[in-house]
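Reviewing the structure listed below.
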Amino acid sequence: MNVSLLILSEPYSSQSSLSALKYAKAALLAGHSIPRVFFYHNGVHTGSQLQTPQQDESNIQQEWVELANEYKLDLVICIAAALKRGNLTVDEANRYDRQQYNIEAPFELSGLGQLLDAQLNSDQMITFA
Amino acid sequence: MTKNILVIQRTAPYGSSLGREGLDYVLTSAAYDQNISLLFLGDGAFQLLSNQQSKHINLKNQLSALEVLPLYDIENLYVTQEDLSERNLSQSQLGIKVIVIKRADVHNLIEQQDHVVGF
């Protein structure tokens, strides 16, 4: 089955952020495919490479990167929701004259049309709020 | 490829930006010619109240944003009678035309859809 994920929850604040990661791993191990993971609302913080958890905690950003590299996942962060919350790629940092950026591949910033595309082209879309 | 999509709004209009961001998804989907219905469930019913004074808390008015929906041919807005009455709301307090259904009919509304997403 094709299952896309919509992640609305913020890493480290909400259990559902980790639940999404565990769900994704379980679904992929079971042979399902995940056409897209879309990060929206407070979920846009998930891709920040400046996350610096303590050593005995999960690094959620890093775990998504590893999973994406292994399974060629499409990790899309809503650009409008990300920019206002301070999550920028180097291109957006240059565009808005900011000195820092914190989003890199495999995460990418794109529009809400990518969420619609994921919903229309998946058998199911599971929301983690 | 036009599909029937139900967007469920479950949060009050301010307090969290989720209602606003859910509405952004509605407008995006409508721009791509999808057939969108909206269900204001639970505290989502508060988004429909007239006379919202959100400028006092430096936020855009959610009702004003909902009022543009007919321009996108989105006219199927639903709320349940139970959610209104449990919150002591009457239809006369709502600032936008909405279809009041029974809670027991929500599953019929969902079954009519190709896709459902909740915010």
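Values quoted throughout were computed directly from the atomic coordinates according to the rules given, and no laboratory measurement underlies them. All values derive from a computational prediction rather than experimental measurement. Methodologically, a virtual Cβ is constructed for each residue, glycine included, from the backbone with ideal geometry; neighbour enumeration extends over all protein chains shown.
When the P(r) of segment B:30-100 is calculated, the portion above 18 Å amounts to 40% of the C-alpha pairs. Mean sequence separation of contacting Cα pairs (under 8 Å, at least six apart), scaled by the length of chain B, corresponds to a relative contact order of 36 percent.
Relative contact order of segment A:1-42, please, whole-number percent, based on alpha carbon pairs below 8 angstrom and at least 6 residues apart. Intermediate results must be reported in sequence, preceding the final value.
Numbers: 46 pairs, mean separation 25.7, N = 42.
Averaging sequence separation for qualifying contacts and normalising by length gives 61 percent for segment A:1-42.
As a proxy for reagent exposure, ranking A:32, B:107 by other Cβ atoms within 10 Å from fewest up yields B:107, A:32. Taking other C-beta atoms within 10 angstrom as a stand-in for reagent exposure, A:56, A:123, B:83 fall in the order A:56, A:123, B:83, fewest first.
Pull up the DSSP beta bridges for the protein assembly as shown and report the antiparallel fraction as a percent, rounded to 5. Bridges in the protein assembly as shown that DSSP calls antiparallel: roughly 5 percent. In chain A, the longest principal axis of the Cα atoms and the axis of helix A:60-71 are about 50 degrees apart. Identify which of B:14, B:72, B:32 has the largest mean-square fluctuation in a Gaussian network model of chain B, with springs joining Cα atoms closer than 10 Å. Sorting by GNM fluctuation, first place goes to B:32.
Gaussian network model of chain B, Cα springs within a sub-10 Å range: biggest mean-square fluctuation belongs to which of B:63, B:77, B:89? Among B:63, B:77, B:89, the largest GNM mean-square fluctuation belongs to B:89.
Grab the DSSP H runs of chain B that are 4 residues or longer, score each as -39,500 (n - 2.57), total them, divide by all residues and round the 222 nm result to the nearest 500 deg cm²/dmol. Walk me through the numbers before you get to the answer.
On the way: 4 runs with 31 residues, N = 119.
Dividing the helical sum by the residues of chain B leaves -7000 deg cm²/dmol.
In straight-distance terms, cross-link reach from residue A:25 covers every one of the lysines whose alpha-carbon lies under 29 Å from its own, apart from those fewer than eight places away in the same chain; here that gives A:72. Projection of the Cα convex hull of chain A, averaged over all directions and equal to a quarter of that hull's surface, yields 7.6 nm².
Expressed to the nearest 5 percent, the antiparallel share of DSSP beta bridges inside chain B is 5 percent. Applying a threshold of 29 Å to the alpha-carbon distances of A:84/B:55; B:55/B:97; B:3/B:55; B:3/B:97 flags B:3/B:55 as lying beyond it.
In percent, how large is the relative contact order of segment B:1-63, given Cα pairs closer than 8 Å and 6 or more residues apart? Walk me through the numbers on the way to the answer.
Working: 82 pairs, mean separation 25.3, N = 63.
The value is 40 percent.
Across all C-alpha atoms in the protein assembly as shown, the radius of gyration and Dmax reach 18.9, 56 Å.
Summing -39500 (n - 2.57) over the DSSP H runs of n ≥ 4 in chain A and dividing by its residue number, what mean residue ellipticity at 222 nm do you reach, to the nearest 500 deg cm²/dmol? Provide the component values of the computation, followed by the final result.
Working: 5 runs with 47 residues, N = 129.
Estimated from H runs of four or more residues: -10500 deg cm²/dmol.
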